[in-house]
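Data block below; observations after.
The values are calculated or read from the model by the stated rules, or taken from the named source; none is laboratory data. All values reported here derive from a predicted model rather than from experimental measurement. Cβ coordinates were reconstructed from backbone atoms using ideal geometry, including for glycine residues, and neighbour counts include every protein chain displayed. What goes into the accessible areas is simple: the full protein's heavy atoms, side chains included, and nothing from ligands, DNA or RNA. Shrake-Rupley method; radii C 1.70, N 1.55, O 1.52, S 1.80 Å.
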Amino acid sequence: MEKKALIFEFQLKCYPVSFIQKSELEKGDKIILPPSILENLSTLDVEWPLMFELKNKFSGRISHCGVMEFIADEGCAYIPYWMMQNLATCEGEKINFRYKHLEKGTFVKIQPQTFDFLDISNTKAVLESKLRNFTCLTKSDTIAIEYNEIIYWLNVIEVKPGNAISIVETDVNVDFIAPNYSQNLEKQHFQSGIDQDGDSSV
């Protein structure tokens, strides 16, 4: 259960991790915060690994994340771009952060956005391996998984218990459902619009 006595909240301007040459963090859910946050946390009774709830007060969207380092410029946070998309936020927009203690997950239901992810040999083993880069999962998020230099987008349809779970050092049962057909058609239409050089703007 969440600790009742501890409330630690703050706001920071968010930028993609690529801004500080940390693009490898796109493979997971860990973010980079400024040193002052670590200083404040050191005086509190928090549990490690750290987890935070991120909320865009304008869109109302919520996600959760872990922390990689405390080396960001003061007033700034660097987060994976896919997470910015989930939050419907823009570069430099302020996001609300709140320390969270999440229960260990027991179940997650995943929906790939395209059928080709299900063609991967031993899909569950690949997903389990890639999820080791993640600290937590949030219902209704869309996460990015890279395999064989291909990015696959996966919808988190359901998690148990609650709407967000910790997946650190825990066994989580994974269930798959088929991609949404209309969503798959939209993806194919987008790919058909890519020019001959393979360039596109997302």
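Based on what the data block shows, is L12 open to solvent by less than 60 Å² (accessible area, probe 1.4 Å) and modelled with pLDDT under 95? Write out each step before concluding.
On the way: open to solvent by less than 60 Å² (accessible area, probe 1.4 Å): yes; modelled with pLDDT under 95: no.
The answer is no for L12.
Looking across Q111, Q85, one residue alone is more than 29 Å from D45 (Cα to Cα) and either touching a strand residue (DSSP E or B) at 6+ places or on another chain (Cβ under 6 Å) or assigned to a loop (DSSP other than H, G, I, E, B) (or both). It is Q111. E128 meets each of the listed conditions (1) out of contact with any helix residue (DSSP H, G or I) (no Cβ under 8 Å at 6 or more places or on another chain); (2) surrounded by 19 or more Cβ atoms within 10 Å (Cβ to Cβ) apart from (2).
Residue by residue through the range 26-39, note down the ones that are within 11 Å of E69 (Cα to Cα) and not charged (D, E, K, R). Before the answer, list the steps.
Filtering the range 26-39 down to residues within 11 Å of E69 (Cα to Cα) leaves 30-35, 37-38.
Passing the criteria: I31, I32, L33, P34, P35, I37, L38.
Within the group I143, I165, I151, I157, which residue is in a strand (DSSP E or B) and without any contact (Cβ under 8 Å) to a residue 24 or more places away in the chain? Just a single option satisfies the conditions, and that option is I151.
Hey, could you check the range 15-40 for residues that are of a type in the set (A, V, I, L, M, F, W, C) and open to solvent by 60 Å² or more (accessible area, probe 1.4 Å) and say which is nearest to L127 (Cα to Cα)? Outline the logic, then answer.
Within the range 15-40, the first condition is being of a type in the set (A, V, I, L, M, F, W, C), and the residues that meet it are 17, 19-20, 25, 31-33, 37-38.
Pick out the ones that are also open to solvent by 60 Å² or more (accessible area, probe 1.4 Å) and you get 19, 38.
On the way: F19: 27, L38: 31 Å.
Ranking the candidates gives F19 first.
Give the number of residues within the range 42-82 that are in a loop (DSSP other than H, G, I, E, B) and within 23 Å of L137 (Cβ to Cβ). It would help to see each step written out before you state the result.
So in the range 42-82, the residues in a loop (DSSP other than H, G, I, E, B) come out as 42-50, 56-61, 70-75, 80.
Add one more test, that the residue is within 23 Å of L137 (Cβ to Cβ), and what stays is 46-50, 56-57, 59-61, 80.
Count: 11.
Residues in the range 15-41 that are assigned to a helix (DSSP H, G or I) and free of Cβ contacts under 8 Å to residues at least 12 places away in the same chain: S23, E24, E39.
Would you confirm, using the coordinates I've provided, whether F117 is at pLDDT 95 or above and more than 22 Å from K13 (Cβ to Cβ)? Against the criterion (at pLDDT 95 or above and more than 22 Å from K13 (Cβ to Cβ)), F117 does not qualify.
Looking only at residues that are open to solvent by 10 Å² or more (accessible area, probe 1.4 Å), of a type in the set (G, A, S) and in contact with a Lys or Arg (Cβ under 9 Å, 6 or more places away or on another chain) in the range 54-98, which one is nearest to N163 (Cα to Cα)? Checked the range 54-98; the qualifying residue nearest to N163 (Cα to Cα) is A88.
Selection over the range 41-53 of residues that are surrounded by 13 or more Cβ atoms within 10 Å (Cβ to Cβ) and over 18 Å from the mean Cα position of the chain (by Cα) gives a count of 3. Of the residues making up the range 131-144, just one is touching a helix residue (DSSP H, G or I) at 6+ places or on another chain (Cβ under 9 Å) and over 21 Å from A88 (Cβ atoms), namely N133.
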